[in-house]
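Asker: Starting off with a structure, shown below.
Throughout, read-outs are computed from the coordinates displayed, never taken from laboratory work. Since the structure is predicted, the reported quantities are computational estimates derived from the model, not experimental observations. Every residue, glycine among them, receives a Cβ derived from its backbone with ideal geometry; neighbour counts consider all protein chains shown.
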Amino acid sequence: MKEKVLVIIPAFNEAESIGKVVGDIPKDWVREVVVVNNSSTDATEVNARNAGATVLREDRRGYGFACLKGIDYARQKPMDERPDIIVFLDGDYSDHPEQLPQLVRPIIEDGYDLVIGSRELGEREKGAMAPQQIFGNWLATTLLRWFYGVKFTDLGPFRAIRWSSLMEIGMVDTTYGWTVEMQLKAAKKKMKCTEVSVDYRRRIGVSKITGTIKGTFMAGYKILYTIFRYL
Ligand SMILES: Nc1nc2c(ncn2[C@@H]2O[C@H](COP(=O)(O)OP(=O)(O)O)[C@@H](O)[C@H]2O)c(=O)[nH]1
Ligand SMILES: [Mg+2]
């Protein structure tokens, strides 16, 4: 494949799952897999490296901080080695990494800038998403449609974006607003956006966001704040 695809996986204490996530990524589609270890206290780093990933460290805790670290790494590459497409993927094995081609193809073949993997459209294992997560996604995507005129059904973590579009968007969120920020800025800039269905299963290990009360409130607040802040 001529397009260079780089995968960024933020990971905070995902030692049990990270090797499977990296292992299931279709290697013929991807140049490099980058795991950003977000101050894990377990074997996330060594397991990621053993699975063949490049491991970076980000000590400031936050989903966005970890993703930004991965982008910075790509940006520092020489021009001819810089990726054409970035895929974001969680480290908990909830997503099905083998579905990566479905996310990348619309960018390569149909000129899309941003492709969201929608769990709403795909098959979900029972209990894979918490009720508050399903409600939150519904609310956030409804607000995105009202205020930004863009139709998404999910703020899913598994997504692909053209490198040049990602640079133009200029991501800044360092925590839970990351996913919605990318979608609403792409909409504001009239980028070509779409979604494809992706499947979702119960994660390995414990949830750091929706599985905790603090995480749920922080994420909900930050997502709503982000939607109104960019109006
Ligand atoms: N909460 C949290 N998650 C992080 C952080 N850095 C990376 N992550 C990763 O973000 C992904 C999503 O987190 P997860 O606990 O699965 O949240 P959930 O999907 O809402 O249950 C996982 O791959 C985490 O390892 C961080 O600082 N905080
Ligand atoms: Mg998860």
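Asker: What ranking do 19-29, 159-169 get when scored by the average of other Cβ atoms within 10 Å per residue, highest first?
Answerer: Details: 19-29: 17.3, 159-169: 20.1.
With the highest mean Cβ count within 10 Å placed first, the list reads 159-169, 19-29.
Asker: Provide the FRET efficiency to the nearest 0.05 for the residue 39-residue 146 pair, computing r from the beta carbons and using R0 = 30 Å. Let's see the in-between values first.
Answerer: Details: r = 37 Å, r/R0 = 1.24.
Computed FRET efficiency for residue 39 and residue 146 comes out at 0.20.
Asker: Just add up the charged neighbours of residue 54: K/R +1, D/E -1, any other residue whose Cβ is under 12 Å from the Cβ of residue 54.
Answerer: Details: positive: 31, 49, 57, 69, 77; negative: 32, 45.
Overall, the nearby charge balance is +3.
Asker: With only Lys, Arg, Asp and Glu charged, each at its Cβ (+1 for the first two, -1 for the last two), find how big the charge dipole of the stretch 1-87 is about the Cα centre; round to the nearest 20 debye. Write down the numbers at each step before the final one.
Answerer: Details: 13 positive and 14 negative charges, 41 e Å.
Computed charge dipole of the stretch 1-87: roughly 200 debye.
Asker: Based only on the alpha carbon positions, what is the Kirkwood hydrodynamic radius of the stretch 148-218, in angstrom? The partial results should precede the final answer.
Answerer: Working: mean 1/r = 0.0716 Å⁻¹.
About 14.0 Å for the stretch 148-218.
Asker: Another one. Across the stretch 103-111, in residue order, what do the Karplus-derived ³J(HN,Hα) couplings come to in whole Hz, using 6.51 cos²θ - 1.76 cosθ + 1.60 with θ = phi - 60° and x for Gly and Pro?
Answerer: Using θ = phi - 60°, the values come out as 7, 7, 3, x, 6, 6, 8, 10, x Hz.
Asker: Once the stretch 1-105 is represented by equal point scatterers at the alpha-carbon sites, with solvent omitted, what log10 I(q)/I(0) does the Debye formula produce at q = 0.10, 0.14, 0.21, 0.22 Å⁻¹?
Answerer: -0.24, -0.47, -1.07, -1.16
Asker: Applying 1/(1 + (r/R0)^6) with R0 = 30 Å to the Cβ-Cβ distance of residue 60 and residue 121, what FRET efficiency is obtained, to the nearest 0.05? Don't skip to the end; give the middle numbers.
Answerer: Working: r = 33 Å, r/R0 = 1.12.
The computed FRET efficiency comes out at 0.35.
Asker: Under a straight-distance cross-link criterion of Cα-Cα below 24 Å, which lysines are reachable from residue 192, leaving out those fewer than 8 residues away in the same chain?
Answerer: Qualifying lysines at Cα under 24 Å: 2, 4, 151.
Asker: Report ³J(HN,Hα) in whole Hz for each residue of the stretch 10-18, in order, from the Karplus equation J = 6.51 cos²θ - 1.76 cosθ + 1.60 where θ = phi - 60°; Gly and Pro get x.
Answerer: Coupling constants for the stretch 10-18: x, 9, 10, 6, 10, 4, 6, 9, 4 Hz.
Asker: Relative contact order for the chain using alpha-carbon pairs under 8 Å, separation at least 6, rounded to a whole percent?
Answerer: Values: 459 pairs, mean separation 53.4, N = 231.
Contact order relative to length: 23 percent.
Asker: Stokes-Einstein D for the stretch 5-229 at 10 °C, 1.306 mPa s, Kirkwood Rh over Cα pairs, in µm²/s?
Answerer: Details: Rh = 17.3 Å.
For these conditions, the coefficient is 92 µm²/s.
Asker: Where the centre of each part is set by its Cα atoms, how far does the stretch 191-231 sit from the stretch 98-165, in angstrom?
Answerer: 11 Å
Asker: Could you please report the charge total around residue 81, scoring K, R as +1 and D, E as -1 over all other residues with beta-carbon less than 14 angstrom from its beta-carbon?
Answerer: Working: positive: 2, 4, 31, 75, 77, 82; negative: 3, 32, 80, 84.
Here the count lands on +2.
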